[in-house]
Amino acid sequence: MVGSVGNGCSVVLEEKRAELLPEELDHHQHEGVANGKLVANGVTNGGKKMVLGRNMHTMCFAVKEPESDDEFTGEREAFMASVLAKYRKTLVERTNHHLGYPYNMDFDYEALSQLQYFCINNLGDPFIESNYGVHSRQFEVGVLDWFARLWELEKHEYWGYITNCGTEGNLHGILVGRETFPEGILYASTESHYSVFKAARMYRMQCVKVDTLISGEIDCRDFQAKLLQNKDKPAILNVNIGTTVKGAVDDLDLLIQILEESGFKDRFYIHCDGALFGLMMPFVKRAPKVTFKKPIGSVSVSGHKFVGCPMPCGVQITRLSHINAFSSNVEYLASRDATIMGSRNGHAPLFLWYTLNTKGYRGFQKQVQKCLRNAHYLKDRLIAAGISAMLNQLSSTVVFERPKDDEFVRRWQLACEGNIAHVVVMPSVSIEKLDEFVDELVEKRSNWYHELMNPSPCIAADIGQDKCLCALHMK
Ligand SMILES: Cc1ncc(COP(=O)(O)O)c(C=O)c1O
């Protein structure tokens with residue numbers, strides 16, 4: 001059969017594999033088929049085996065040179081159509097059973113399908129038209145203006161661009177900090193996203209890791225202590241507006257106060273990593289404000305998370321004065337080089353523009369309220385079922401004990417770290433889906449644990465003794 005997947009297995013298996021999609025193959029391999037190939041680099045994490053370096057070649061659709069008569073027989077076209085149709089089915093199923101990553105899958109961009117025929121590229125600076133005319137800068141700047149207004153920076157005072165993802169926003173924000181203070185030390189809590197530490201490595205910056213509280217929030221006391229050990233060097237601080245695992249929000253106001261009181265006035269740069277919560281927090285009543293009225297240098301957010309774009313993208317906003325100081329002109333582009341990437345996805349601004357226009361401030365506010373409500377519902381249901389769970393005050397990320405069965409974790413695409421897992425409640429996560437998830441978890445769990453012989457795990461170290469429902473802490 002043309003385009004069979006897999007290599008080196010028996011003919012029967014080979015044929016069976018050809019009918020399967022990667023996801024299904026994955027499942028079969030865990031049942032024992034070619035199992036040895038999967039665990040190329042097993043490492044342990046919190047007592048669990050983590051599988052790195054999966055041999056994806058066993059699960060791919062090989063690209064094969066077309067046969068000379070393919071055009072005539074139409075066989076190749078029919079084959080590709082069938083692969084794509086099956087793949088689509090998998091996507092539908094996987095989308096329906098997704099809870100672990102902060103992606104809002106509730107969208108309809110049918111109106112934009114007419115634009116997929118164009119090679120839209122916003123290479124260069126959003127505010128300076130380059131020689132390449134097939135761009136969407138007019139939409140990009142409209143989106144950036146919207147975000148600058150949200151975070152209270154005047155049009156003539158801000159600069160920004162639509163990035164490829166939240167990671168690129170962090171790489172950019174930290175670069176701007178480093179260019180502003182070349183001798184500066186990067187401070188970030190241990191629960192910061194790994195891209196922050198990647199930035200430190202890439203830019204060869206000295207990086208000081210700061211402890212966190214049980215909530216996942218940066219420990220301000222530890223921050224101050226570490227700051228005072230390095231009084232001679234400016235501080236570049238990554239502030240989490242929602243940590244990846246626990247959804248904790250660092251106390252921006254207290255951090256600024258500490259910096260100023262510790263002798264760092266005018267010698268610090270703050271990058272706010274708002275990948276998920278950067279666009280939720282402005283709509284949470286009584287939440288502290290992320291605003292450029294405070295002495296922050298940059299804010300970044302992912303566009304494919306709460307905002308709900310179907311492709312990875314993000315928004316980065318900083319102060320124009322910082323950019324003027326470090327960017328350079330590129331004759332070839334007839335533009336300025338101040339972005340991390342060269343070519344930039346010109347479709348992403350269209351999706352962002354479309355969704356901002358559709359929802360507006362009020363639409364986002366409603367969606368945030370729904371997410372927070374549903375997150376509380378999930379937490380309460382878990383606790384009622386005797387499952388340890390935690391939900392930070394400003395967050396829709398529900399943290400709970402890591403399910404024992406990896407199959408269950410994969411089925412619901414849960415993100416796990418050590419002994420905990422989380423569900424990020426996004427607008428696409430309905431009460432019905434949460435009920436299905438909890439019902440299934442409760443049923444499975446009754447087989448995993450037995451009160452005396454095999455008790456449920458203690459996760460007090462991750463979520464606190466008061467929230468842990470293990471046998472020891474329930475007493
Ligand atoms: C706090 C935080 N920062 C940055 C990122 C990276 O965002 P992206 O996946 O858009 O690169 C994430 C992703 O989950 C995140 O949670």
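Only the coordinates and a few stated rules stand behind these numbers; no lab work does. Given the structure is predicted, the values throughout are model-derived calculations rather than measurements. When we count neighbours, we look across all protein chains shown, and the Cβ atoms used for this are built from the backbone with ideal geometry, even at glycine.
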If I take every Cα pair under 8 Å that is 6 or more residues apart in the chain, average their sequence separation and divide by the length, what percent do I get for the relative contact order? 18
For Tyr269, enumerate residues with amide H under 5 Å from its amide H, sequence gap 5+ or separate chain, H modeled in the peptide plane. Ala235, Ile236, Leu237
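From the helices alone, meaning DSSP H stretches of at least four residues, give me the mean residue ellipticity at 222 nm for the chain, per-run term -39500 (n - 2.57), in deg cm²/dmol to the nearest 500. Mind dumping the intermediate values first?
Details: 16 runs with 180 residues, N = 475.
After summing the helix terms and dividing by residue count, I get -11500 deg cm²/dmol.
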Distance in Å, no decimals, from the C-alpha centre of segment 195-216 to the one of segment 247-270 is 16
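Using the alpha carbons of the chain, what is the convex hull volume per residue in cubic angstrom, as a whole number? Don't skip to the end; give the middle numbers.
On the way: hull volume 86.1 nm³, N = 475.
Dividing the Cα hull volume of the chain by its residues yields 181 Å³.
Checking the a/c ratio against 1.5 first, then a/b against b/c, what shape does the Cα gyration tensor give for segment 348-417? Can you show the working numbers first?
Numbers: a/c = 3.47, a/b = 1.74, b/c = 2.00.
Oblate is the answer for segment 348-417, as a/c is 1.5 or above yet b/c matches or exceeds a/b.
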Whole-Hz Karplus couplings 3J(HN,Hα) for segment 359-366, θ = phi - 60° and coefficients 6.51, -1.76, 1.60, Gly and Pro as x, run 8, x, 4, 5, x, 5, 4, 4
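Remind me, relative contact order of segment 366-474 in percent, using alpha carbon pairs under 8 angstrom and six or more residues apart?
Numbers: 135 pairs, mean separation 28.5, N = 109.
Relative contact order comes out at 26 percent.
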Sorting Lys305, Lys370, Lys293, Lys198 on the 10 Å Cβ count, fewest up front, what's the list? Lys293, Lys198, Lys370, Lys305
For segment 219-227, Karplus couplings with θ = phi - 60° (6.51, -1.76, 1.60), whole Hz, Gly/Pro x: 7, 5, 5, 5, 4, 4, 4, 6, 4
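Size of the dipole of the chain about the Cα centre, Lys and Arg at +1 and Asp and Glu at -1 on the beta carbon, nothing else charged, in debye to 20? Before the final figure, lay out each step's value.
Working: 52 positive and 58 negative charges, 273 e Å.
It comes to approximately 1300 debye.
What ranking of Met390, Met80 emerges when the number of other C-beta atoms within 10 Å of each C-beta is taken as an exposure proxy, fewest first? Let's see the in-between values first.
On the way: Met390 26, Met80 13.
By the 10 Å Cβ count, ascending, the order reads Met80, Met390.
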Most exposed to least, judged by fewest other Cβ atoms within 10 Å, Ile241, Ile340 sort to Ile340, Ile241
Relative contact order for segment 232-385, counting Cα pairs under 8 Å that sit 6 or more residues apart, in percent: 17
